[in-house]
Amino acid sequence: TLAVWIGTWIGSVIAFLLGRFVLTALSESLAEKYKVKAAFDAVVKKQGVKFIILLRLCALVPYNVFNYAISITAVSIRDYIIGGVGMIPLIGLYVFAGTTVGSLTEAMETNEMMGMMEEEKSNRIVFYITLITGLLVLVGIIVWITIVVKKQLNEAIKKG
């Protein structure tokens, strides 16, 4: 998760800097498409880092669009960089989901259960049930966070 987050964070900072200093026209067209620039500008001036973290926690905002769209707002580069910590929960979910699916796929392909004693089989089944349950709980948490963040963002934008 840490390695993926560092790579994603570095990529997002580069995209932000490109959007701010090189690809301004593209960034502005993205912002017009989503019609959020004015609202974002008003909120970023007051809440900076908090606002960026909230947007990063929200699974409804695609990172690639976010990086460019936010680059034309009044957010400071410092606030944007610090706000990257908000990506960690979603990245953790993606990594966990990938490893869980990988483990389950590998177990199915290798017929891992064949030749095991009954106790080993039941332990392995409990392990896979735990993996699947953990994945479902994480997805539920991310959905809940997204709902809470969306509510917070709507309130922050209304206060402007």
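Taking label points 7 Å from Cα along the Cα-to-Cβ direction, residue 65 and residue 150 give a separation of 1.3 nm.
If a spin label sat at a point 7 angstrom from the Cα of residue 97 along the line to its beta carbon, the backbone N atoms of the stretch 1-22 nearer than 20 Å would be those of 1-9, 12.
The packing ranking, built from the mean of other Cβ atoms within 10 Å per residue, places the peptides 45-51, 66-72 in the order 66-72, 45-51, highest first.
Where a number appears in this text, it was derived from the coordinates with a stated rule and is not lab data. Remember, predicted model here, so these are calculated numbers, not experimental data. Note that we place each Cβ from the backbone using ideal geometry, even for glycine, and neighbour counts take in every protein chain shown.
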